[in-house]
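Written below as structure tokens is the structure these notes are about.
Read-outs throughout are calculated quantities, based only on the coordinates presented, and are distinct from any laboratory measurement. Computed from a predicted model, the values in this text were never measured in an experiment. Here the Cβ positions follow ideal geometry from the backbone for every residue, glycine too, while neighbour counts run over all protein chains shown.
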Amino acid sequence: MLRKLHFIFLFNLLSLTILGQTNQWIRINQLGYLPNYPKTAVWVSKDIQLPSRFELIDVKTQKVVYQSKTVVSAGAYGPFQSTARLDFSGFKKTGSYYLKTPSAQSPVFRIDAEVFRGSADFILKYMRQQRSGYNPFLKDSCHREDGFIVYHPDPKKDSTHLDVSGGWHDASDYLQYVTTSANATFQMLFAYQQNPEVYQDHYDAWGNAGKNGIPDILDEAKWGLDWLVKMNPAPHEYYNQLADDRDHRGLRLPNLDKVQYATNQGLARPVYFITGKIQGYKHKNRTTGVASSVGKFASTFALGSEILAKYYPQFAESLKARALDAYTFGKEKPGVSQTAPGGAPYFYEEDNWVDDMELAATQLAKITKKSEIWQEASNFGHQEPTTPWMGADTARHYQWYPFVNLGHYFMAKEAKDKAFASYIELGLEKVFQRGKNTPFLNGVPFVWCSNNYVAGILTQAILFRQLTGSTKYQAMEMALCDWLMGCNPWGTSMICGFPTSKLTPTDPHSAFTHLYNYKIDGGLVDGPVYGSIWSKLIGITLYHPDEYADFQSKLAVYHDDFGDYSTDEPTMDGTASLSFLLSFYEKEGQKLQPQNNLQALGGIVRMDTTKKEIYLCFTAHEFNEGASIILNVLQKKGIKANFFLTGDYLRNPSFQTTVKQMIQQKHYVGPHSDRHLLYAPWEKRDSLLVDKTTFMNDLQNNLNELKKFGLSFAQINYFMPAYEWYNQSISDWTAEMGLKLVNNTGGTSSQADYTTPDAKNYLSSEEIYRRIFNFEEKTSTGLNGALLLTHVGVGEKRTDKFYDKLEKLISELQMRGYKFEKLK
């Protein structure tokens with residue numbers, strides 16, 4: 001008897017959070033869990049009664065693989081009458097699972113060393129979309145006339161033009177600040193410095209698709225540095241801000257921005273000179289000096305000179321003098337240089353500056369090798385042992401910024417000063433104490449941009465663990481990571497479009513989505529705020545019914561709604577602050593299971609490139625004329641291959657003897673979709689032609705047909721998509737069903753064996769054969785790990801059958817030292 005369709009079960013699981021359960025929910029990290037790391041979910045309920053136990057269930061087998069009666073109560077929290085932490089850290093086996101209590105069950109999630117793979121590069125999508133000047137997402141330019149100087153003490157320079165086009169828009173508005181841009185640039189440079197091995201090269205310096213030999217994160221950091229250089233046109237001449245809140249005149253794309261700030265300046269925007277004095281028109285800031293801003297210039301220029309020396313030696317060298325000048329200027333005029341408000345009272349109210357000067361000093365000490373600068377860094381650092389927001393219940397907007405003091409890390413690591421490791425621990429302890437009795441272990445205050453605070457303290461926790469080896473705060477560390485990925489009261493990730501195909505912000509405060517339905521993948525939204533803050537904000541209007549109404553409370557409010565600019569607006573600097581932590585966990589995954597295979601859009605397109613092994617793959621749907629030849633050759637040569645068969649193929653009575661032969665000869669036999677569906681348009685691969693339910697239904701039907709031949713679900717681990725065409729969503733949905741998506745290795749042209757002479761893409765069998773060996777000879781890793789795909793049958797229109805060359809192909813490859821492997 002066939003088991004009831006898994007897809008129905010899976011669909012119910014995925015829908016429970018919104019549709020089925022009204023009183024109890026299980027919140028999980030939607031991205032998944034690293035096998036040997038702490039793994040905890042949070043059970044929340046509108047009722048008082050705690051569950052007596054919980055179970056972990058394998059999606060593939062539907063068997064309970066772990067169970068526990070340890071349900072740790074965390075009391076009432078926000079909208080919930082009772083909560084509990086469900087710890088399943090003891091279970092480490094790779095796979096897809098869900099958690100279940102007697103009255104609740106979680107969405108499906110993965111335990112896998114690869115769950116973070118590609119995450120560090122994913123968020124760069126948003127950074128590229130935020131570019132000013134040339135915008136690669138829009139393939140157009142914007143704000144090319146920037147800007148005209150304001151607040152310059154020299155009347156001859158005030159109101160004159162200064163070329164400061166470039167950089168990134170700060171958020172969904174188009175203002176630009178050194179405060180956030182310098183920090184974002186430093187964060188990306190720091191992430192690359194610490195974890196270079198995870199970053200890929202898929203885009204050029206302009207942000208367009210195409211390799212340029214430089215990791216994409218450094219292309220992005222260079223974009224930021226180029227703008228900072230423009231904002232520092234001469235020694236002791238620094239600018240802090242481009243545009244002001246006059247920007248907020250209507251909703252539009254940046255390349256359609258027609259806001260005029262002055263009738264005689266065209267579309268140029270004001271660029272604010274750093275005076276060290278109070279600025280603003282209707283409202284005023286509280287500026288006391290220049291050090292907070294020029295300190296950020298200095299640290300970023302110094303680190304940029306170190307990291308970019310390999311790729312831009314002259315540019316990197318020029319940054320050293322700029323860094324020293326900025327640092328010197330900061331010492332001359334200590335104090336904070338806040339951003340300038342205008343018609344509204346909102347601005348970046350930064351009240352600390354010694355952290356900026358400490359970080360600047362550590363970076364200058366490294367590149368100048370001057371011990372006295374290390375001492376200066378120490379002096380600055382001791383003035384602020386912990387960033388003042390840590391442990392506090394509230395803070396003004398960006399009052400204590402950046403949210404993490406990386407200067408303390410460099411003092412502890414490079415200067416070997418143990419006092420600074422203790423300062424790092426002190427800050428962690430304050431946040432830990434504030435959140436230790438909550439179910440999510442989140443001691444961050446729910447002020448504006450609370451997610452940025454989470455990223456900051458999470459970064460600090462990771463660095464502390466690296467510095468000391470202590471796991472004292474690892475439970476909090478992982479809880480904060482989980483919070484960003486969906487283990488929070490609302491059950492949603494806080495990163496737009498990530499994890500792919502999960503519950504993430506879809507209606508953020510952005511003209512890109514609101515006016516044009518453009519995706520803004522990778523952007524970290526502001527995150528929850530106290531109900532008391534939200535209720536007092538100016539201009540908040542929800543555009544649709546609140547899908548999270550059951551989870552709002554006086555404690556914290558979050559809306560996935562364009563109208564809520566306080567909780568659902570992505571920010572450029574918040575997104576950049578994810579760089580280190582995502583790259584760190586991605587590297588941790590590599591350590592757990594070093595992978596030499598290649599992936600594209602979440603699918604494996606090549607196995608271990610260090611081994612001379614080839615995986616012969618064959619797909620079959622409507623044709624079968626080559627089956628006997630292929631199977632005879634494989635048997636004669638004594639090798640195993642991999643067959644991916646559609647449900648239509650498996651149901652065809654004429655082909656069923658062939659299927660039995662494949663199984664008897666112990667080849668891998670797996671799914672290729674039930675009805676050979678095309679999942680994504682050829683011309684727009686990141687879109688979908690099927691929804692999740694349709695995909696899972698189709699794939700499950702395919703699996704059910706395989707079961708009729710005696711293949712158990714436990715034997716089936718790999719799926720090759722129909723047409724060999726898929727995207728990240730298809731890969732993710734495949735993983736949720738407990739399978740890995742594989743696809744042919746590009747470049748060999750072997751899959752062209754189906755083409756017919758009347759087609760433009762026709763290749764003869766001789767040409768295909770030639771191209772396979774041309775690829776082998778010209779590629780540094782040859783055909784190592786290649787998934788070499790051809791078809792079981794191609795129909796009558798093609799008389800030149802490539803499978804007639806199969807024996808010759810195998811013999812030649814064996815002579816070249818290759819072995820043939822079966823997927824396991």
Report, for the range 596-820, the % of DSSP beta bridges that are antiparallel, rounded to 5. 20
Let me make sure I get this right: for the range 596-820, a, b and c are the square roots of the gyration tensor eigenvalues over alpha carbons, sorted descending. Under 1.5 in a/c it's rounded, otherwise prolate if a/b > b/c, else oblate. Which is it? rounded
For LYS684 and PHE709 in one chain, what is 0.36 nm times their gap in residues minus the Cα-Cα distance, to one decimal in nm? 5.3 nm
Starting from the 7 Å offset along Cα-to-Cβ, what nm value, one decimal, do you get for the label separation of TYR346 and SER811? 7.4
How much of the DSSP bridge set in the chain is antiparallel, in percent, rounded to the nearest 5? 70
Can you tell me which aspartates and glutamates have their Cα less than 16 Å from the Cα of LYS416? Leave out same-chain residues fewer than eight positions away. GLU358, GLU372, GLU376, GLU425
I'd like to know which of PRO671, ALA221, TYR192 lies farthest towards the positive end of the charge dipole of the chain, counting +1 on Cβ of Lys and Arg and -1 on Cβ of Asp and Glu. PRO671
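Quick one: compute the contact order of the chain, relative version, from alpha carbon pairs under 8 angstrom and 6+ residues apart, as a percent. If you can, show how the numbers build up before the last one.
Values: 1799 pairs, mean separation 97.0, N = 824.
After rounding, I find 12 percent.
Compare the peptides 496-504, 205-213 by average per-residue count of other Cβ atoms within 10 angstrom and give them in order, highest first. Write out the running numbers ahead of the final one.
Values: 496-504: 22.9, 205-213: 12.8.
Highest mean packing first, the order is 496-504, 205-213.
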Among LYS707/LYS805; LYS222/LYS296; LYS612/LYS808, which pairs are too far apart, with a Cα-Cα distance over 21 Å? LYS707/LYS805
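Quick check for me: using +1 on Lys/Arg Cβ and -1 on Asp/Glu Cβ, what's the dipole size of the range 596-820 about its Cα centre, in debye to the nearest 20? It would help to have the intermediate numbers written out before the result.
Values: 27 positive and 25 negative charges, 140 e Å.
I would put it at about 680 debye.
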Helix 474-484 vs. the chain, principal-axis angle (Cα, 0 to 90°, nearest 10): 80
Any idea how far apart LYS824 and LYS92 come out in nm if each label point goes 7 Å out from Cα toward Cβ? 2.0
Based on alpha-carbon centroids, what's the gap between the range 437-473 and the range 737-775 in Å, whole number please? 49
Within the range 139-163, name every residue whose backbone N is under 11 Å away from a label modeled 7 Å from Cα of TYR518 along the Cβ vector. 139-142
What is the sum of charges around ARG675, taking Lys and Arg as +1, Asp and Glu as -1, for the other residues whose C-beta is under 13 Å from the C-beta of ARG675? -4
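If packing is taken as the average count of other Cβ atoms within 10 Å, what order do 97-106, 705-714, 438-447, 140-149 fall into, highest mean first? Can you show the working numbers first?
Details: 97-106: 20.7, 705-714: 15.1, 438-447: 23.7, 140-149: 19.1.
Result, highest mean first: 438-447, 97-106, 140-149, 705-714.
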Over the range 117-249, what relative contact order in percent results from Cα pairs under 8 Å that are six or more residues apart? 25
Magnitude of the Cβ-charge dipole of the chain, K/R +1 and D/E -1, about the Cα centre, nearest 20 debye? 2240
Assuming 0.36 nm per residue, please report the length gained on full extension of the stretch LYS536 to ALA76 beyond their Cα-Cα distance. 163.0 nm
How tilted is helix 6-15 with respect to the longest principal axis of the chain? Cα atoms for both, answer in degrees (0 to 90, nearest 10). 10
Can you tell which of THR571, THR468, LEU555 lies farthest toward the positive end of the dipole of the range 454-582, using +1 and -1 charges on the Cβ of basic and acidic side chains (Lys, Arg; Asp, Glu)? THR468
Can you tell me the FRET efficiency between ASP608 and GLU317 if r is taken as the Cβ-Cβ distance and R0 is 45 Å, rounded to the nearest 0.05? 0.65
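Over the range 172-263, what relative contact order in percent results from Cα pairs under 8 Å that are six or more residues apart?
Numbers: 85 pairs, mean separation 30.3, N = 92.
The normalised contact order for the range 172-263 reaches 33 percent.
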Computed FRET efficiency, Cβ-Cβ of GLU197 and ASP47, R0 56 Å: what is it to the nearest 0.05? 0.75
Simple spin-label model, 7 Å along Cα-to-Cβ: VAL259 to ASP691 in nm? 3.8
Angle check, please: helix 579-592 long axis (alpha carbons) against the longest principal axis of the chain (alpha carbons), in degrees 0 to 90, nearest 10. 40
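Would you please give the FRET efficiency between ARG249 and ASN632, computed as 1/(1 + (r/R0)^6) with r the Cβ-Cβ distance and R0 = 56 Å, to the nearest 0.05? Please list the in-between numbers first.
Values: r = 74 Å, r/R0 = 1.32.
After rounding to 0.05, the efficiency reads 0.15.
Express in nm, to one decimal, how much length is gained between TYR543 and LYS418 on full extension, taking 0.36 nm for each residue of separation and deducting their alpha carbon distance. Please report the intermediate quantities before stating the final value.
Numbers: separation 125, 0.36 × 125 = 45.00 nm, distance 5.19 nm.
Between TYR543 and LYS418, full extension yields 39.8 nm more.
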